Amino acid sequence: MEGALADQFWAGGDVETLVRERATFIDAFLCELWHHWFEYDDDCALFAVGGYGRGELHPKSDIDLLILIKERLRSNDRIGEFIRLLWDLNLEIGHSVRTVRECKSEATRDLSVMTALVEKRLLIGSSRLAQKLDRSLSSRFLWPSKRFFNGKLDEQNTRHEHYSDIEYGLEPNIKSSPGGLRDIQTISWITQKHCETTDLSELVERGFLTENECQILLDGRHFLWRVRFALHLLAQRKEDQLYFDHQREIAVRFGYEDSDGLLAVEAFMRDYYRRVLELREVNDILIQHFTEAILSKNRRVVVEAIDENFRIRNHYIETTAGDVFRRKPSALMEIFVIMANRTDIRGVRANTIRQIRRNLNLIDDNFRFDPEVGRLFVTLLKSPYTVVSQLTRMRRYGILGAYIPEFGRIIGQMQHDLFHIYTVDAHTMTLLRNLRRMYLPEYEDLFPFLRDVVAKIPRIELLFIAGLFHDIGKGRGGNHSSLGAVDAGRFCEQVGITNEDRDLVVWLVQRHLFMSMTSQREDLSDPANIHKFATIVQSTERLHYLMALTAADIHATNPKEWNAWRESLLIQLYTSTLAMFEHGEYGPNERLEAVERRQQETAVILEEKGVKNVDLDFLWNDVSPGFVLSHEAVTLAEIAVAIVSRPSGSNGLVHLMDVADERLYTIFIYTKDRPRLFADCVAVLDVLNLDVMRANIGTGTSGYCYDSFVVMEDENNLVPKNRKSEIRDMLQNVIDGHTPPVRRQHRRISRQLKQFNRPARVTITEPNENGISRLEVVTADRPGLLALISTLFVEFNIELHQARITTLGERAEDIFLVSTTDHTSLATATDVDDLRARLTDRINAELPLLTH
């Protein structure tokens, strides 16, 4: 049976028919077994419940059964034998054996039991017993309509909260995520209880649904059923989670193909997300209708007039007439401006939402270029309350995608990687919400530094427009920043933004990745890099806007990527650039002057702390200028004290500095330099499951190394109380000459990372005036990657001076400043092309070992 269903499905068979046919087949099979197993039907009956009760069975769905018995059959062994037979036949059954009294008792206590019984369907057995159960459950005191509705609404809200109330998870649950099958079933349960029907056409006749909404529910269910049917066949088990590997396989099976702008899997998931967004919207409209019909029935109506077009009814805004939007199309924008300027409006009434959706055709070029509409949109962005909530409503109702067609094209568009955890439109809304929160005191803990930055931004609406357009060019092929900049410039003209402000918005969209990339990929201790960044930014005003946009973007891309380390890099780049703007042009003596200022600041800190036994001259004479610039003065002071305070006769020092984030550590190592020291230290950090974010490697004229690491705990690890001692002791063992831990060859890798097996790409630049080359490795992230690379550096006689480690979801982009171990340039000592090829081959060769 299952093989035949699979063949029919992949050949294009109708999923509705196949799901019903499987249920019908199981009906007949169970009835035949029952008929031969039980000699008399008067004492028991077999019911299908749950999805099976609705006559729906996907290939691996549970077959939920209720065996209804009379009390005297309780001790009959035949019931247990029948159930064991079903298990022996490998049927995935869920079952309960109850009397009528027990059914009513359980249903009274448990809404889920009541829900299952609402959907019961008699298969075979005593019809009189079935009628008795019907009478028992029909009591008006057993989950009356209002209580049942409240219970189901609470269930749905709890379920949505579990999925962070978003339809756009990377690997969504097609049953339980917002907009999934469970939302459709919730509507069915409520209508069956309140309206005594599950026929959607009857809901249309009674005014709860429009014909269009009815079709959305039917088409959405059909689409999700196809996906679920395919999932069960591919996973060979009951599976509702749409994992990455299944997404790709289903996309191919359903006929999606790669295009210039989108992968096949991205096109498939865009269709999925758009479906669930529609279903979520219809669910919300129906829930609001039922709220008015069930909960608010006979409640006193309080109406407040706003103007001739709008009024508030019991805290929900509505139009005063059915033709408001046809008479005044700009009211389609005005309604959201009203809500963003008041705190007492909870939402839009269902009938008004329908009016909005029916009148989307009014949003044409005349509407888009109407100065009044443009003025209203800019006013919305400057409003004091719920700005992002209103933009989100506009997105869901179809207004935003119609008003800005380029935005409409990115709705539901995902990026098939682990770095971007939301679709482009959901990411954009999250970014805007982050920008808004930077202004609000209750979110100061989330963006403490940004509060002062946004206070210097004169026009929040420009920041919001840049945020709205920053990723709008994705999915078209080409450079999305450039495409988005063109769109943003055109839109600014459309809504009446001045040329000067338009140029700022266009620049922000064009350069929205610039600050993030600079902070993570460049040496921020080098004034030349700060000067290069400042030259492109050009003004403090641009710097303020870009800082806020960058921080909001990183956090909205993936909140896990926003941590104390990334924040500190942005702050360092921001403050250094600000100082350069204030200090003036960068000249040939700037680096030397910066070193001297940092040294003076360090001396002042030590003097203020009353520390007198530190020979700073020895430190400054021993270390390089780069070492001084790569550490803040307070850190240099701490390092100097630690070196002086180390026990006499010790081989070296391991010092952990305090940072704000409990999962972040700054480790300083001072010891006699030797070969493999960096590789051995990295091996220790790898064993400790610590992720290296940055490393600075330097050796003084004394022959002692000054190595520092910034490392982070894995987010899934519990941090033990003695963690710092553990880190310090294991690293101390290495510098004391004990045998370092062996790099682990076989490491567990997450299921998600296994789906993105990216081959390595190694690039090596020409050496600079100091003989230092920039070696960049882009490859699939995995546990132990840096330990592998550090071992290869030893093997290939590569001296590491600095490492900047960047992980973007499943992709590692690591930059190393290197020379040879005898301090000559790579270009002089070796064939660079051969070295690049050998490094690439070795990294790729280890990849299969790490993905088992």
Selection count, segment 130-149, where residues are open to solvent by less than 60 Å² (accessible area, probe 1.4 Å) and either under 30 Å from residue 424 (Cβ atoms) or touching a helix residue (DSSP H, G or I) at 6+ places or on another chain (Cβ under 7 Å) (or both): 8
Per-region count, segment 814-844, residues outside any loop (DSSP other than H, G, I, E, B) and open to solvent by less than 40 Å² (accessible area, probe 1.4 Å): 13
Cβ pairs under 7 Å, 6+ apart, first in segment 154-170 and at positive phi, second at pLDDT 75 or above: 165/178
Every pair of residues 6+ apart whose Cβ atoms lie under 7 Å, when the first sits in segment 9-25 and is surrounded by 16 or more Cβ atoms within 10 Å (Cβ to Cβ) while the second is of a type in the set (S, T, N, Q): 18/8
Residue list for segment 795-813, restricted to those being more than 15 Å from residue 685 (Cβ to Cβ), hydrophobic (A, V, I, L, M, F, W, C), buried (at least 18 other Cβ atoms within 10 Å of the Cβ) and more than 29 Å from the chain's Cα centre (by Cα): 798
Residues that are at pLDDT 90 or above, under 17 Å from residue 423 (Cβ atoms) and touching a Ser or Thr at 6+ places or on another chain (Cβ under 6 Å), drawn from segment 159-200: none
Check on residue 627, modelled with pLDDT of 90 or more and either in a strand (DSSP E or B) or surrounded by 17 or more Cβ atoms within 10 Å (Cβ to Cβ) (or both): no
In segment 124-149, residue modelled with the highest pLDDT [restricted to those that are within 20 Å of residue 102 (Cβ to Cβ) and assigned to a loop (DSSP other than H, G, I, E, B)]: 126
Pair list, Cβ < 7 Å and 6+ apart or interchain, from segment 359-382 residues that are farther than 24 Å from residue 432 by Cα to residues that are surrounded by 16 or more Cβ atoms within 10 Å (Cβ to Cβ) and of a type in the set (Ser, Thr, Tyr): 370/330
Subset of segment 31-43 [modelled with pLDDT of 90 or more and touching a helix residue (DSSP H, G or I) at 6+ places or on another chain (Cβ under 8 Å)]: 33, 34
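To keep it simple, each residue is scored yes or no on (1) over 24 Å from residue 118 (Cα atoms); (2) open to solvent by less than 60 Å² (accessible area, probe 1.4 Å); (3) β-branched (Val, Ile, Thr).
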site: 52; (1), (2), (3): no, yes, no
site: 58; (1), (2), (3): no, yes, no
site: 65; (1), (2), (3): no, yes, no
site: 71; (1), (2), (3): no, no, no
site: 79; (1), (2), (3): no, yes, yes
site: 83; (1), (2), (3): no, yes, yes
site: 87; (1), (2), (3): yes, no, no
site: 96; (1), (2), (3): no, yes, no
site: 100; (1), (2), (3): no, yes, yes
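Would you say residue 779 is at pLDDT 80 or above and within 22 Å of the chain's Cα centre (by Cα)?
On the way: at pLDDT 80 or above: yes; within 22 Å of the chain's Cα centre (by Cα): yes.
In short, yes.
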Only listed residue being of a type outside the set (D, E, K, R), open to solvent by less than 10 Å² (accessible area, probe 1.4 Å) and more than 22 Å from the chain's Cα centre (by Cα), chosen from 223, 244, 268, 229: 229
Counted residues, segment 605-621 - those being open to solvent by less than 90 Å² (accessible area, probe 1.4 Å), touching a residue at least 24 places away in the same chain (Cβ under 8 Å) and within 46 Å of the chain's Cα centre (by Cα): 3
Segment 396-412: number of residues that are farther than 17 Å from residue 491 by Cα and open to solvent by 10 Å² or more (accessible area, probe 1.4 Å): 4
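The values are calculated or read from the model by the stated rules, or taken from the named source; none is laboratory data. Keep in mind the model is a prediction, meaning the values are calculated, not measured. Note that each Cβ is placed from the backbone with ideal geometry, even for glycine, and that neighbours are counted across all protein chains shown. The accessibility values were calculated without ligands, DNA or RNA, using every heavy atom of the protein model including side chains. Shrake-Rupley method; radii C 1.70, N 1.55, O 1.52, S 1.80 Å.
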